[in-house]
1. For the stretch A:190-227 and the stretch B:105-148, what is the separation of their Cα centres, given in Å?
2. Which distance in nm do the two modelled labels at B:HIS137 and B:LEU87 give, with both placed 7 Å along the Cα-to-Cβ direction?
3. Let's see if you can work this out: charge +1 on each Lys and Arg Cβ, -1 on each Asp and Glu Cβ, no other charges. What is the dipole magnitude of the stretch A:379-494 about its Cα centre, in debye to the nearest 20?
4. Compute the FRET efficiency between A:PHE458 and A:VAL512 as 1/(1 + (r/R0)^6), taking r as their Cβ-Cβ distance and R0 = 60 Å, and round to the nearest 0.05.
5. Can you work out the base-10 log of I(q)/I(0) for chain B at q = 0.09, 0.11 1/Å, using the Debye formula on its C-alpha atoms alone?
6. Which log10 I(q)/I(0) values, to two decimals, does the stretch A:289-365 give at q = 0.13, 0.16 Å⁻¹ under the Debye formula with one point per Cα?
7. Among B:LEU88, B:ILE161, B:SER134, whose Cα lies farthest out toward the positive end of the dipole of the stretch B:75-164, if unit charges sit on the beta carbon of Lys, Arg (+1) and Asp, Glu (-1)?
8. Counting only trypsin sites (Lys or Arg not before Pro) that are in a DSSP loop and have at most 15 other C-beta atoms within 10 Å, tell me the longest site-free stretch of chain A.
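Here, each number is a calculation from the coordinates, and none is a lab measurement. Everything numeric here is computed off the predicted structure, so don't read it as measured data. Positions of Cβ are generated from backbone atoms using ideal geometry, with glycine treated the same way; all protein chains shown enter the neighbour counts.
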Amino acid sequence: MSTNPSVFRFHGGLHLDGRKTESLTRPLQHASLPSELIIRVSQHIGEPNIAAVKVGDYVSRGQLLAESSELVSAPVHAPTSGTISAIEERPVAHPSGKSALCFILIPDGKDTRYEYDQGWCNTHDLQPSDLLRLIRAAGIVGLGGATFPTEAKLTRANQQKINTLIINGAECEPYITCDDILMQTHAAEVIRGVQLLQTILQPQQTLIGIEDNKPLAIKAMQQALQQSALPHTSIKSIPTLYPSGGEKQLIKLLTGHEVHSTQLSFEIGVFCQNVGTCFAITEAVDHCQPLTSRIVTVTGPGVKNPGNWVTRLGTPVSHLIELAGGYSVQQPKLVMGGPMMGLNLSSDQIPVVKATNTILVLDHLDQPTAQECVRCGQCAEVCPAQLLPQQLYWYSKTRQFELAEQYHLFDCIECGCCAAVCPSHIPLVQHYRFAKSEIWEQRRKTYNADRSRKRHEFREARLLKQKQQDEEKRRLKREALAAKAAEQQKAQAADSSATPTIDAVQAALDRVKARKKAQLVEPKNTSNLTPDQQRQIDEANSRRKNINQDKS
Amino acid sequence: MLVLIAVLTLSFIAGSFGLILGYAAIRFRVEGNPIVDQVDAILPQTQCGQCGFAGCRPYAEAIANGEAPINQCPPGGDATIVALDDLLDVEVLSLNAEHGEHNEVPLVAFIDEMNCIGCTLCIQACPVDAILGSAKHMHTIIADECTGCELCLPPCPVDCIDMIPVKQTLADWKWSPPETLSGQTSS
């Protein structure tokens with residue numbers, strides 16, 4: 001239960017100018033409600049949500065707005081009470097600048113809470129399965145930025161034996177202070193969340209990693225930890241080095257273990273969770289409050305009064321900028337997240353989502369023009385994933401994506417260290433992102449082609465089977481007909497042999513013959529014949545006689 | 001004597017290897033032509049027949065047997081031609097315009113349900129069973145399964161099928177390549 005200075009090291013990393021004091025000069029404030037909230041329907045990584053309310057519905061704070069029955073998903077709840085005025089596409093925080101489906105909620109100002117049934121959250125009964133259900137129902141996702149549904153992560157991790165629970169309070173990126181101020185002001189709740197995670201995972205030890213540039217947070221957390229008297233739990237102060245807050249980097253720092261390229265952290269018995277997520281779990285379990293707000297840092301040289309605000313999800317960025325005193329520069333450049341990994345925002349009408357830790361307002365600066373790579377190798381020295389950024393760059397640029405993959409492109413965490421040190425100012429991360437999305441596109445195409453092939457082959461097989469069946473049917477019918485005909489013939493034959501009429505027929509035939517013979521006796525018109533005619537008649541008669549003789 | 005031993009030894013070795021090879025040739029015989037599978041894996045599986053063959057597999061067989069050039073697949077475009085060239089090491093040709101043009105934006109068929117008379121002709125034409133419906137009932141396209149082959153268009157007696165571009169979503173959005181460095185070409 002003490003600050004342990006003995007930590008391990010990860011490869012590379014950068015000492016960056018923290019710039020955290022600006023937003024820490026003011027205490028944590030509660031952001032007022034904007035005139036409209038824009039709540040994105042899906043705010044997690046995984047299967048998309050389906051709306052559970054209609055336009056015109058009145059909702060209370062914490063009421064379910066959208067959910068999905070899929071395994072990897074997290075529902076979304078109303079951040080305040082009010083009326084859903086529309087469900088429409090609005091610009092969201094995404095590198096494409098595209099729109100996504102959002103609820104538009106007009107707050108009524110009452111902020112009434114939705115009363116869940118008893119049993120939705122039950123503070124007395126803390127079975128792991130109940131906790132998991134509640135964490136899912138409360139829409140909790142990883143608040144460090146990945147927004148992977150926490151319940152799905154816990155469920156998968158629980159299938160393995162978890163030895164070490166790591167709580168991530170590193171917050172290594174410059175400007176961001178939301179986790180720092182959360183630990184300073186709500187340390188007890190964070191520790192309570194850690195306790196709840198321990199109940200679920202039953203780890204042998206719990207390590208809380210906090211960068212040593214947050215002495216106040218470390219102190220507050222230590223006090224809260226002492227009061228809670230959690231067993232086998234310690235707070236570790238880690239050296240300030242970007243990106244120590246990356247999951248694999250933090251695991252290396254605290255345990256000395258490396259997570260293999262193909263592994264997930266819990267496969268080596270380690271489970272990582274952010275301090276903000278721990279706080280959200282406490283809110284859900286102890287206060288029946290789904291995830292409807294989070295702390296957002298509004299900072300940067302482009303705002304007048306930087307600070308931290310407890311913000312309802314769906315609050316437009318412009319509202320937060322207003323609370324921070326407005327823009328202080330002519331051409332503000334808005335970033336959601338930190339300067340290294342943040343997303344550029346196309347407008348300030350974009351809403352806060354679960355992943356939003358920071359709104360960073362920078363002065364618009366022209367990017368220096370990229371020069372040719374000089375193969376200095378500095379990028380490889382700072383890469384925390386121990387990759388060869390220069391090789392990846394060449395392969396991405398020349399579209400040799402297979403080679404880029406062989407050089408472990410997908411182990412790149414896009415931390416931006418390589419681009420930050422590049423003396424040629426090459427936008428390396430952009431090259432990697434481009435290569436990754438091209439590879440994904442190729443995989444999607446292959447997947448679709450395989451499906452089409454299967455469907456086509458199935459159709460061919462089905463048609464062939466149908467043809468064979470038809471053929472078989474026709475053959476059976478033909479055979480049946482033939483059998484029937486044969487039977488009829490047989491029956492006829494049997495019939496005719498059974499009756500004595502055969503003699504009668506013979507007798508009738510004989511009678512006809514006799515009559516014909518009798519008719520032959522007297523030829524007509526035989527007077528006055530020339531000798532020639534008489535000869536012809538004689539010949540004919542003799543021929544007829546011969547024929548009759550032959551017949552008989 | 002020494003020569004005889006050497007000849008006998010070598011004959012024995014040669015004979016036994018011959019037997020092993022002969023057995024292996026029967027035991028591990030490869031059914032069909034593996035090149036066909038590899039070519040088929042590269043083709044886009046649109047099953048449109050624009051190449052002049054009755055689907056992707058027959059075209060793959062023709063390519064593998066050297067009966068057809070590799071530039072007859074408009075849906076695959078240049079990417080498919082380059083991939084086939086990598087596999088077969090034949091001359092890279094540009095797409096044969098006789099067979100159609102490559103469309104960058106993927107298309108999907110859409111049935112105007114107001115006009116559909118439920119004749120089932122398009123269902124019979126669809127190579128991947130992506131049309132749902134029955135006689136005298138409205139038909140519809142299963143958009144996820146449609147390969148955009150356009151084979152359903154000609155049989156439709158009321159011309160109620162349109163090809164529409166697939167809308168890009170956030171899930172399949174792609175990063176664009178960073179602008180190439182000042183004036184230089186990629187090497």
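1. Taking the Cα centre of the stretch B:105-148 as reference, the centre of the stretch A:190-227 is 58 Å away.
2. 3.9 nm
3. Roughly 1200 debye, rounded to the nearest 20.
4. Values: r = 72 Å, r/R0 = 1.19.
Approximately 0.25, to the nearest 0.05.
5. Log10 I(q)/I(0), no solvent term: -0.54, -0.69.
6. Log10 I(q)/I(0), no solvent term: -0.32, -0.48.
7. Checked the options; the winner is B:SER134.
8. With trypsin sites (Lys or Arg not before Pro) excluded where exposed in loops, chain A gives A:162-303 as its longest stretch.
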